[in-house]
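The values are calculated or read from the model by the stated rules, or taken from the named source; none is laboratory data. Keep in mind that this is a model prediction, so the values were computed, not measured. Cβ placement follows ideal geometry from the backbone for every residue including glycine, while neighbour counts extend to all protein chains displayed.
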Amino acid sequence: MDLVVVSNRVSRGNPNEPMTGGLAAALLPVVEQSGAIWVGSPDQADSGGLKESSVEKLGRGKLVTLDLPAEHFSRYYKGFANSALWPTLHSRPDLIDISDLDYFSYREINAIVADGLLQFRNHTTFWVHDYHFLPLGAELRKLEIERKVDIKKTVGFFLHTPWPKPATIRCLPYHVELIEAMLAYELIGFQTDEYRQNFIDYVGPDFGSMIENSVVISRCGRRTRCGVFPIGVDADKFAQYSEQAVSHPFVSSLRNSLNGGKLAIGVDRIDYSKGLDNRVKAFDHLWAEQPRSISLLQIATPSRSDIKAYRDLQSFVADLVRDVNLRHGAKDWTPIRYHNEGFSQSVLAGLYRTAKVGVVTPLCDGMNLVAKEYVAAQDPNNPGVLVLSKFAGAAKELDGALLVDPYDIEEMSHVISRAISMSPYERSSRWNRMIERLRGYTIQQWFSDFVVELENIQAEKTAGKSI
Ligand code: G6P
């Protein structure tokens, strides 16, 4: 395969290792199966250090990590990417906290990665992932001119996060030059049509672009196609993992400890976009009305702990959980089992299957693969119910879920109560609708749709040249 995939975080492919975030977990099987080259940052030890660059085999593909200077990496990752772009893209511009140096380092790292990619100049298609690399396509084009290298490649970009309304994007420092840079990509993919439309609204005539048929942006002689590619999961793999994991010691001891009681599950990185505090408050409200109706297993994986907003949230949520457990708990019953650690996909699948309610209630989320994984891991003969935020991209596809407004704590508690008492018939018919969708549009299909679109653009360019 002639494809180079680029993302900040990469994964080495052990299904028994904990995964951080949906992107690396999602890309891993498709890189392994397709034989693509996957380029990313070296391991980021949480102490802040970067390990050395390396080249490794990954299934039929290859994993290449690049040497990145530590002095820029921290300002790029902690700074501009996660303290300016992430809050803006998740409609929290009030949390932007950066300096000009952070932006400078973000651009530097993008330029250094572009330089590192020149070793693959003979590959024809490049696919860049996520907000860490908005200007990477532009940096590649710049190198092409400066070094007089004839790179015939087509470069596409996929955004895993939401893209908010133009008014929010305008709060982002350097938004004009960043979005100008994004237009060096020939294909930009979004998770939902709403995000695509928000992008088009920003880059319209005020920005000096022409929009053709709501999908192609023309500006200064360049054309960028915008498409919608909702990321999927490997539904069959999750089903298989979940059957196997029933006998995993952690899963079976959890099941035994429930003493026949019902379990809800939440699985999130501790991030302000995930709505963890409102979720805990919704259960608090539920237990005030219906004591012991269900317990909650909340897996809350620490994330980006070097950033103050994340550290503050970690202690805030832990305090809230402690308080709720004190008020509703008893010697023989713990309302919230709170785990601050990551779990492997194979164990998670068993936990999903054990839980009769999946609660996925982010305030804002590009897609949210936990929602899809929860559905895929259910027992077809006795499936659980998915309670899903209407502000997750997954809500556009999973029409069998009970949709909630994650800001409305009382409503959430009533919907969870409805999920607990839903009839087996309704649970099955809702689940069947969702699993059909997940089986019909898998992660493999998502990957191949995007690559085919890139290849079509490449073919059009080649044909255009030969005319
Ligand atoms: C989200 C982002 C990914 C990121 C993941 C984990 O899913 O879209 O790009 O890798 O969070 O975050 P981290 O900062 O730990 O890579």
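See the values below:
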read-out	value
Where Arg292 falls short, out of the listed (1) away from the ligand (no atom under 16 Å from the Cβ); (2) at negative phi; (3) out of contact with any helix residue (DSSP H, G or I) (no Cβ under 6 Å at 6 or more places or on another chain); (4) not in a strand (DSSP E or B)	(2)
Single condition Ser305 does not satisfy, out of (1) of a type in the set (Gly, Ala, Ser); (2) within 16 Å of the ligand (Cβ to nearest atom); (3) free of Cβ contacts under 8 Å to residues at least 60 places away in the same chain; (4) not in a strand (DSSP E or B)	(3)
Some residue of region 265-274 being farther than 28 Å from Ile96 by Cβ, buried (at least 21 other Cβ atoms within 10 Å of the Cβ) and modelled with pLDDT of 95 or more	yes
Those residues of region 234-249 which are more than 26 Å from the chain's Cα centre (by Cα) and in contact (Cβ under 8 Å) with a residue 24 or more places away in the chain, in sequence order	Val246, His248
Of all residues in region 76-101 being away from the ligand (no atom under 13 Å from the Cβ), among the small types (Gly, Ala, Ser) and within 20 Å of Pro162 (Cβ to Cβ), the one that is surrounded by the most Cβ atoms within 10 Å (Cβ to Cβ)	Ala84
Pair list, Cβ < 6 Å and 6+ apart or interchain, from region 53-74 residues that are more than 27 Å from Asp306 (Cα to Cα) to residues that are surrounded by fewer than 16 Cβ atoms within 10 Å (Cβ to Cβ) and at pLDDT 90 or above	Arg60/Gly35; Gly61/Gly35
Residues (more than 20 Å from the chain's Cα centre (by Cα) and either among the polar types (S, T, N, Q) or closer than 23 Å to Asp2 by Cβ (or both)) located in region 169-197	Ala184, Tyr185, Glu186
Residue match in region 352-370 (condition: in a helix (DSSP H, G or I), of a type in the set (A, V, I, L, M), in contact with a strand residue (DSSP E or B) (Cβ under 6 Å, 6 or more places away or on another chain) and in contact (Cβ under 8 Å) with a residue 60 or more places away in the chain)	yes
Residues of region 244-275 classified as part of a strand (DSSP E or B) and under 30 Å from Lys308 (Cα atoms), total	6
Region 362-410, subset away from the ligand (no atom under 16 Å from the Cβ) and among the acidic types (Asp, Glu), residue nearest to Thr88 (Cα to Cα)	Asp405
Leading residue by the ranking (surrounded by the fewest Cβ atoms within 10 Å (Cβ to Cβ)) among those in region 340-361 that are away from the ligand (no atom under 16 Å from the Cβ) and closer than 15 Å to Leu402 by Cβ	Lys356
Within region 130-238, helices (runs of 4 or more DSSP H) holding 2 or more residues that are over 29 Å from Ser83 (Cα atoms)	136-146
Residue in region 301-320 that is small (Gly, Ala, Ser), over 20 Å from the mean Cα position of the chain (by Cα) and crowded, with 21+ Cβ neighbours inside 10 Å present	no
Test: residue in region 86-93 that is assigned to a loop (DSSP other than H, G, I, E, B) and either under 18 Å from Ser7 (Cβ atoms) or in contact with a strand residue (DSSP E or B) (Cβ under 7 Å, 6 or more places away or on another chain) (or both)	no
Which numbered condition Ser315 fails, given (1) closer than 29 Å to Arg92 by Cβ; (2) touching a residue at least 40 places away in the same chain (Cβ under 8 Å); (3) part of a helix (DSSP H, G or I); (4) not hydrophobic (A, V, I, L, M, F, W, C)	(2)
Any chance Phe104 is assigned to a strand (DSSP E or B) and more than 14 Å from the ligand (Cβ to nearest atom)	no
Verdict on His123 being more than 16 Å from the ligand (Cβ to nearest atom), surrounded by fewer than 19 Cβ atoms within 10 Å (Cβ to Cβ) and within 23 Å of Ser34 (Cβ to Cβ)	yes
Test set (1) under 17 Å from Ile416 (Cβ atoms); (2) modelled with pLDDT under 95; (3) not β-branched (Val, Ile, Thr) - Lys356 fails condition number	(2)
